[in-house]
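The structure under discussion appears below in the form of structure tokens.
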Amino acid sequence: MKYSISSKNIMAVLIICFTAIQINAQQDSLVKNVPEIVAMARPQQDGRIMLRWAVTTPLAWRKLNEYGYQVKRYTVTRNKKTLSAPIEKLLGTFKPEPLEEWVSVIDKNDNAAVMAQSIYGEAFDVEGMDQLSAIINLAEEQEQRFTWGLYAADQDYEVAQMAGLGYVDQEVYANEKYVYKITSLVPETLIKIKEGGVFIGLHDYEDLPRPLDLAVAFFDGKSMLSWNYAIHNQTYNSYFVERSIDGVNFKGLNDLPLTTLNNSEKTDPMRMFYTDSITNGQTYYYRIRGKTPFGELSPISEVVSGKGEKKLAYVPHITSRYFEDDKTVLLEWEFMEEGNTMITGFELNQSDNVDGAYKTVVKNIPPEARKVRYDSLMPTNYMTITALGKNGSKRTSFPALVQPVDSVPPTKPKGFTGKVDSLGVVTLSWAANIEKDILGYRIFRGNNKDEEYSQITVSPHQNTIYYDSVSVKNLNSKVYYQLIAVDQRFNMSEPSEILELKKPDFIKPTQPVFKSYNIKNGKVHLSWASSSSDDVVRHELYRKAGDSLDWKLVYTVDRMQYPDTSKQDADSSMQYAGSRGHIAEGRKQWSDEDVVEGQQYTYTLIAIDDSELDSDPAPPLTVIVPKTSLHPPLQGLYGKADKEAGTITIHWKAYKEPNASKITIYKGVQGQPKNLLKEVPIEARGLVDRKVQPNNTYEYLFRVVFGDGGVSEIISLDVKY
């Protein structure tokens, strides 16, 4: 079968074709690598997770279109706790829809037409477009199919789903986090393709960022927009431009989204450009929106505005300055001789600020003149030459700094602040220097505070806001910046104070562990080794009793109280959580006083960092508090000696403490060791001792024994016989 795109889609396809070839050039090195599946995901506020995947080589893509992909989901965490075993779920197998499913879509969807042609077309061409065929033939057909197909999938999420490259997971929960694994179903005997995956949950949702750094330049009959493309290139793959003539009602200028073609060495890889045709004298307002591979549109950018005007064909340019003294300068400039007949003459303008209001200080300079003397210089001067057109238009040169002597560097920059968002985008700002001859600022960055910082600006940055990007996945939790001001003579100021910025934290603290424990005087004494993470702000100690599943927070230890060398009062280190206890010097030991004898207790400990991320709990420590307190003694002891009968009779009151089981009685001559005389039931009220000798004083000791091993206090009775 030969499939071709209808003529009504020709212009759309031509644009996509040129873009595809550029993308193909970008991916040239990637295509040569071992094929692998790459994946991305985007959670939605309505409780869905959208998945997108692709493969990195044309051959692998063709085989996967035939055999398909398998997508599995693994539930890894629940309620911020890692499951002991991930829960696996097969979400399905995916490959392109049959050709007949595309027929009803391609007439109204250019991207679907491109994808269908890429997958099913016998010959990859477009009817009636010899130039397009020539473009396609610049590269191998298989690579062109691959490039076109991936581009169409990136531009339309529904097309990506039809092509087996996308899936929406509806059955997800806010308290869970998942690993999605995409696996090739192509037999490894044909080609081995590495699997891909992504780790994400609904709580990872973040609002889309605004496109940054939109700027516009106006010319005769046209305007040129540019914006920072690289800073969000992992979020947006294309853009829409909107224009307004009243600043309120905006209309889109491009039906098809714009994709960057800036891949040559002569273009700025950081920026994207768009040129618009306009009417001179009319003010125009512009804004842009980014588009994600999932079809989402970004918030609108800042609005920029201006108007075009017809200008002279030639512009003067100041070439030299000759100082005659500290007040007088001879300025020379260039201007094409052909322009002399188009102007009435020149004017010299002066300002004390490169962006300030310029005042005309010399008028009526003849059209043929190329030099002028000025004798009222200030310490710092910015001078321009304006050519006055006969039709009323003007062209003014770029400002030239005229400064008789300058060896004084600018002052150290002040007010240097910044922030890092969750995507790693850094926004730096500072107060502008007050010197009139400031050229710009050099910005330096380091990953460690004490290292030598690297300059990240190619030339002096002329604004007081700068955008940078850093990785949020590495182990450096902070990034450091310094700023140097540079004047027009390239005198450099002292470096600013070091700006320390904390990156978004996705790495939980290391786990604390218990070191030892002992039980003494009815208290449990614990000691532990704190988390080694330097961003920990507190440790929380938890306890549960017996077989209970409920952990109770018993103490919180603030980070500022941790150093063992601290001499502050130990109690100031604690925020009490409702239980009695004591913290030892060093803040890494604690005594639990709120315990009951004979009860079992389990303790654990977690560390919390300054991003409120919890460490894994310390391995639980379980202890049993032994019984050490004594029950009340027997009461009402009374002994009587009967010498005629040769006995000593002893009586006592009934013992009414619960769980008492027996009474143990010891006997001995006063002042000598005691031996067990007898054990009697708890119900007994007395006994008769027949083993007595005259002229002795006998000492009897009584102790009650309980069923759980407890004992009473010992009480003694002396009887003289």
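The values are calculated or read from the model by the stated rules, or taken from the named source; none is laboratory data. All figures in this text were calculated on a predicted structure; none of them were measured in a lab. Cβ coordinates were reconstructed from backbone atoms using ideal geometry, including for glycine residues, and neighbour counts include every protein chain displayed. Heads up: the accessible areas ignore ligands, DNA and RNA and are worked out on the full protein's heavy atoms, side chains in. Shrake-Rupley method; radii C 1.70, N 1.55, O 1.52, S 1.80 Å.
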Quick one: in the stretch 317-334, of everything that is buried (at least 17 other Cβ atoms within 10 Å of the Cβ) and in contact with a Lys or Arg (Cβ under 7 Å, 6 or more places away or on another chain), which residue is farthest from LYS251 (Cα to Cα)? VAL329
Report, by residue number, each residue of the stretch 69-98 that is farther than 22 Å from VAL38 by Cα and open to solvent by less than 40 Å² (accessible area, probe 1.4 Å). THR77
Neighbours by Cβ (under 9 Å, 6+ apart or cross-chain): first from the stretch 642-668, free of Cβ contacts under 8 Å to residues at least 12 places away in the same chain and part of a loop (DSSP other than H, G, I, E, B); second surrounded by 12 or more Cβ atoms within 10 Å (Cβ to Cβ) and among the aromatic types (Phe, Trp, Tyr): PRO658/PHE706
Count - residues of the stretch 282-309 that are more than 27 Å from the chain's Cα centre (by Cα) and either surrounded by fewer than 18 Cβ atoms within 10 Å (Cβ to Cβ) or assigned to a strand (DSSP E or B) (or both): 12
Can you pull out every residue in the stretch 396-442 that is among the aliphatic types (A, V, I, L, M) and either in contact with a His (Cβ under 7 Å, 6 or more places away or on another chain) or part of a loop (DSSP other than H, G, I, E, B) (or both)? VAL405, VAL408, LEU423, ALA432, ILE434
Consider the stretch 543-554. How many of its residues are open to solvent by 50 Å² or more (accessible area, probe 1.4 Å) and in contact (Cβ under 8 Å) with a residue 60 or more places away in the chain? 0
Within the stretch 419-450, of all residues that are over 28 Å from the mean Cα position of the chain (by Cα) and among the charged types (D, E, K, R), the one modelled with the highest pLDDT is GLU435
What is the number of the single condition among (1) within 60 Å of the chain's Cα centre (by Cα); (2) part of a loop (DSSP other than H, G, I, E, B); (3) surrounded by 13 or more Cβ atoms within 10 Å (Cβ to Cβ) that VAL623 does not meet? (2)
Matching residues, the stretch 693-712, being more than 60 Å from the chain's Cα centre (by Cα), surrounded by 12 or more Cβ atoms within 10 Å (Cβ to Cβ) and more than 19 Å from LEU637 (Cα to Cα): ASN696, PHE706
Checked the stretch 173-199 for anything among the polar types (S, T, N, Q) and open to solvent by 30 Å² or more (accessible area, probe 1.4 Å); matches are ASN175, THR183, THR189
Of the residues in the stretch 574-617, those that are at pLDDT below 50 and in contact with a strand residue (DSSP E or B) (Cβ under 6 Å, 6 or more places away or on another chain) come to MET574, GLN575, ALA577, SER579, GLY581, HIS582, ILE583
Collect the residues in the stretch 678-692 that are open to solvent by less than 40 Å² (accessible area, probe 1.4 Å) and either assigned to a loop (DSSP other than H, G, I, E, B) or in contact with a helix residue (DSSP H, G or I) (Cβ under 6 Å, 6 or more places away or on another chain) (or both), keeping them in residue-number order. ILE682, ALA684, VAL692
Which numbered condition LYS449 misses (of (1) surrounded by 14 or more Cβ atoms within 10 Å (Cβ to Cβ); (2) in contact with a Phe, Trp or Tyr (Cβ under 7 Å, 6 or more places away or on another chain)): (1)
Could you list, in sequence order, the residues of the stretch 389-406 that are open to solvent by less than 90 Å² (accessible area, probe 1.4 Å) and either in contact (Cβ under 8 Å) with a residue 24 or more places away in the chain or in contact with an Asp or Glu (Cβ under 9 Å, 6 or more places away or on another chain) (or both)? GLY389, SER393, ARG395, THR396, SER397, PRO399, ALA400, LEU401, VAL402, GLN403, PRO404, ASP406
Identify the single condition in (1) in contact (Cβ under 8 Å) with a residue 40 or more places away in the chain; (2) out of contact with any Gly (no Cβ under 8 Å at 6 or more places or on another chain); (3) assigned to a strand (DSSP E or B) that LEU634 does not satisfy, given that it satisfies every other one. (3)
Exactly one of (1) farther than 16 Å from PRO632 by Cα; (2) part of a strand (DSSP E or B) is unmet by GLY671. Its number? (2)
